[in-house]
Amino acid sequence: MPVITTNSPEETAALGRRLGELLLPGDFIALTGDLGAGKTQFVKGVAEGVGVDPAIPITSPTFTIMNAYEGRIPLYHFDLYRIAGDADVAELGFAEFFYGAGACIVEWSERLSHEIPPERLVIAFSHEGETSRCLEFTPVGQRGADIIARLFPQLEQ
């Protein structure tokens with residue numbers, strides 16, 4: 001499990017951009033971490049890497065719950081902070097996006113249990129300082145492991 005420290009919002013976004021360049025339809029990226037830990041900044045980079053028009057503002061969908069962006073593939077950005085759990089996700093029909101033609105990146109993914117896809121990459125964010133963030137990457141399933149291998153080729157033995 002790679003653990004990466006970024007020292008500025010720009011470094012956090014740059015790491016997200018590298019991930020976005022690797023995403024394929026059906027990929028599910030689960031983000032966890034406290035408020036202000038850098039998740040949305042990371043998503044801004046992912047959107048850039050997927051090819052979303054840089055003129056489009058990337059904001060956390062705390063109140064809308066999901067934002068959809070068009071790039072080389074669709075990017076579905078969820079913020080489940082206000083969701084109670086799987087029942088709400090099922091009622092809102094989000095599973096069709098989780099297994100759809102785009103990639104999903106989900107803030108507060110820990111609110112899911114049964115609805116979370118079995119193949120995913122989990123990234124846990126934590127504060128290391130005022131602008132420093134620690135990102136811990138955990139693959140779940142083969143696709144998550146493949147993404148990590150391509151994102152961090154220096155870790156290959």
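The values are calculated or read from the model by the stated rules, or taken from the named source; none is laboratory data. All values derive from a computational prediction rather than experimental measurement. A quick note on method: Cβ atoms are made from the backbone with ideal geometry, for glycine too, and the neighbour counts reach across all protein chains shown.
Side notes on the structure shown:
- Any hit, the stretch 46-63, residues being in contact with a His (Cβ under 9 Å, 6 or more places away or on another chain) and surrounded by 22 or more Cβ atoms within 10 Å (Cβ to Cβ): yes
- Some residue of the stretch 82-93 being touching an Asp or Glu at 6+ places or on another chain (Cβ under 9 Å), buried (at least 18 other Cβ atoms within 10 Å of the Cβ) and either of a type outside the set (Val, Ile, Thr) or closer than 24 Å to LEU155 by Cβ (or both): no
- A Cβ distance below 6 Å, combined with a sequence gap of six or more or placement on separate chains, defines the contacts here; from the stretch 16-33, residues that are at negative phi reach residues that are surrounded by 21 or more Cβ atoms within 10 Å (Cβ to Cβ) and charged (D, E, K, R) in the pairs PHE28/ARG120; ALA30/ARG120; LEU31/LYS39; LEU31/GLU107.
- Within the stretch 104-116, the set of residues being in contact with a strand residue (DSSP E or B) (Cβ under 7 Å, 6 or more places away or on another chain) and surrounded by fewer than 19 Cβ atoms within 10 Å (Cβ to Cβ) comprises just one member, GLU110.
- Test: residue in the stretch 1-16 that is within 22 Å of ALA145 (Cβ to Cβ) and under 14 Å from the mean Cα position of the chain (by Cα): yes
The rows are residues; the columns are (1) more than 21 Å from ARG143 (Cβ to Cβ); (2) modelled with pLDDT of 95 or more; (3) more than 12 Å from the chain's Cα centre (by Cα).
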| residue | (1), (2), (3) |
| --- | --- |
| ASP27 | no, yes, no |
| GLN41 | yes, no, no |
| ALA47 | no, yes, no |
| VAL52 | yes, yes, yes |
| ILE58 | yes, no, yes |
| PRO61 | yes, no, yes |
| PRO74 | no, yes, yes |
| ALA90 | yes, no, yes |
| GLU96 | no, no, yes |
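- Within the stretch 120-149, the set of residues being surrounded by fewer than 16 Cβ atoms within 10 Å (Cβ to Cβ) and more than 23 Å from SER8 (Cα to Cα) comprises GLY141, GLN142, ALA145, ALA149.
- Taking the criterion of being basic (Lys, Arg) and under 23 Å from GLU96 (Cβ atoms), the only residue of the stretch 42-75 that qualifies is ARG72.
- For ARG143, the stated conditions do not hold, so it cannot be described as touching a residue at least 24 places away in the same chain (Cβ under 8 Å), in contact with a helix residue (DSSP H, G or I) (Cβ under 8 Å, 6 or more places away or on another chain) and of a type in the set (Lys, Arg).
- Against the test of being crowded, with 21+ Cβ neighbours inside 10 Å, of a type in the set (Gly, Ala, Ser) and touching a residue at least 60 places away in the same chain (Cβ under 8 Å), the options ALA37, ALA101 yield a single qualifying residue, ALA37.
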